[in-house]
Amino acid sequence: MEQIGTVQSLCPECLKRIEGIKYVENDRVYIKKECADHGSFTSLVSMDVNHYLQMKECFDVDRAKAKEPLTDTEKGCPFDCGLCPSHKQDTCLAVVEVTDRCNMKCTYCFANSSMDASLDPDMETIRKMFETVKRCQNDPTCIQISGGEPTLRDDLPEIIRMGKEVGIAHIELNTNGIRIARDQDYFNRIASAGIDAIYLGFDGVSDDVYRQRTGRDMINVKTEVINRCEKAGIGVVLVPLVAKDYNLHEVGRIIDFAASRVPAVRGVHFQPVFYSGRSPSEMQNRVTILELLESIEEQTSGQLKVNNFTPSLMPHAHCGATCLTLVDNGGFLPLTNLSSGAVQSASDVASKTKKSIMGRWKGLEKEKESKQSCGDLLIKGSCCEKPLSDITVKSSCCEKPLTSAIPGSGSGLSGGWADFIEMSKNNYLTISTMAFQDVWSYEQDRVENCCIHVVTRDCRFIPFCNYNMTSCNGDFLYRNAT
Ligand code: SF4
Ligand code: SF4
Ligand SMILES: [Zn+2]
């Protein structure tokens, strides 16, 4: 056993701040921490120390801070969230929950949803939440409307319109898709209110998977949502929760499905299960980032390799990983590679990430209206922020000129950058993951650098992992206490 660092963490029983160590055993990375009252706790954080350290090296930059803190530093992290002046990172995505209600009762759910409509925030409260985002977040402002299931609100189109009036640049909707698939008129009203992207729960391509978590068939619902979004020119990101003994065997098929629906589908964002909310104390189905990436490599027959996933731009290097790839004739041409090295430029990383979120997830029609070029997006989405010519050479699996590296080169491309840019406009897919933390895996260093913030009804920003953090007895650190 070799110690490679220390961690500030939380006790899974009492949620008090406790210290621990990070150590390596049989090439695996673990956190071990100890509470004076409740004993010691050990959790696995990576299956391979080399990959773990490489991810950290690839992304080590200064970060942009929020425009203004909303709380003081009093009790110390993580008990001062607001954001407090110690927080190291601006918001890249502000999550605004417009209801706790949900029309499903999934086995995994961090939100612990209820069915009480009287608890929904009113329009005035939501307006203040939007205004706080506009005031505190550096431009461009990005919001995800979430829940519960936001489409249970009949006034959701008015909420979206109000967000646009307040000046929010990008509004995406986190949904299970049921109402969108069933109610064309409701969807039309959401679309004309200005929704920019749909963030669609999508755990698999077979109803076997959905039946396990939700007790019902869902793939037709998901397909119908994509069809409707495609017609309306609204981009869709598929969001699979991933767990062992659930759908880890299906991640390759999910990516293949996404590739078959590009450009309507802009990305797949895998969320490994974390033990907060309704399932705070079950551990057996946890999937580390590396296990997920290895499954993707295996199930895409090596077309997307572990090394094609670099740390996501803004979050801590161990919070997520991203691969930007072109899709052509069912094949993939990944444009990112861990071996390309560390990010060179730090000053505008926050702005670039938000623009990247906006650009990648917007629908085609909306993208045509935006000033960004696709080449811009590709550069910004890469790990290394180097010229596009460099990226394509270094990140292509075969180190050949791009046009000869494109799978199925009978695609009509005659070569050159103009063709490449033209193809990439319609054929790119972002595959990403975020390993949300729970009380077992918690590291203060990661939440201090967090950029995904839940906006509370009293207009504070709480890092997403802190907001949902639950003790093994079911007590929340912030949710229900705000
Ligand atoms: S997570 Fe950030 S905002 Fe919350 S207490 Fe820690 S430093 Fe402050
Ligand atoms: S939400 Fe959690 S996993 Fe994501 S960036 Fe924040 S701390 Fe990291
Ligand atoms: Zn304790």
Just the number: Rg to Rh for the range 141-222, Cα atoms, Kirkwood Rh, two decimals. 1.02
Identify, among MET47, GLY20, SER9, the residue whose Cα sits farthest towards the positive end of the charge dipole of the range 2-55, taking +1 on the Cβ of Lys and Arg and -1 on the Cβ of Asp and Glu, with the dipole about the Cα centre. SER9
Using the Kirkwood formula on the Cα atoms of the range 2-55, what hydrodynamic radius do you get, in angstrom to one decimal? 11.5 Å
Name the long-range amide H neighbours of VAL95: under 5 Å, sequence gap of 5 or more, or other chain; modelled H, no Pro or chain starts. GLN144, HIS453, VAL454, VAL455
Going through LYS65/LYS305; LYS231/LYS425; LYS222/LYS244; LYS88/LYS134 one by one, the pairs whose alpha carbons sit over 24 Å apart turn out to be LYS65/LYS305
Karplus couplings for the range 214-224 from phi (6.51 cos²θ - 1.76 cosθ + 1.60, θ = phi - 60°), rounded to Hz, Gly and Pro as x? 10, x, 8, 7, 9, 5, 5, 4, 4, 5, 5
Quick check on packing: order 19-28, 157-166, 193-202 by the mean number of other C-beta atoms within 10 Å, highest mean leading. 193-202, 157-166, 19-28
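Read the figures in this text as sums done on the coordinates, not as results from a lab. Quick caveat: nothing in here was measured; it's all calculated off a predicted structure. Every residue, glycine as well, gets a Cβ built from its backbone with ideal geometry; the counts of neighbours run over all protein chains shown.
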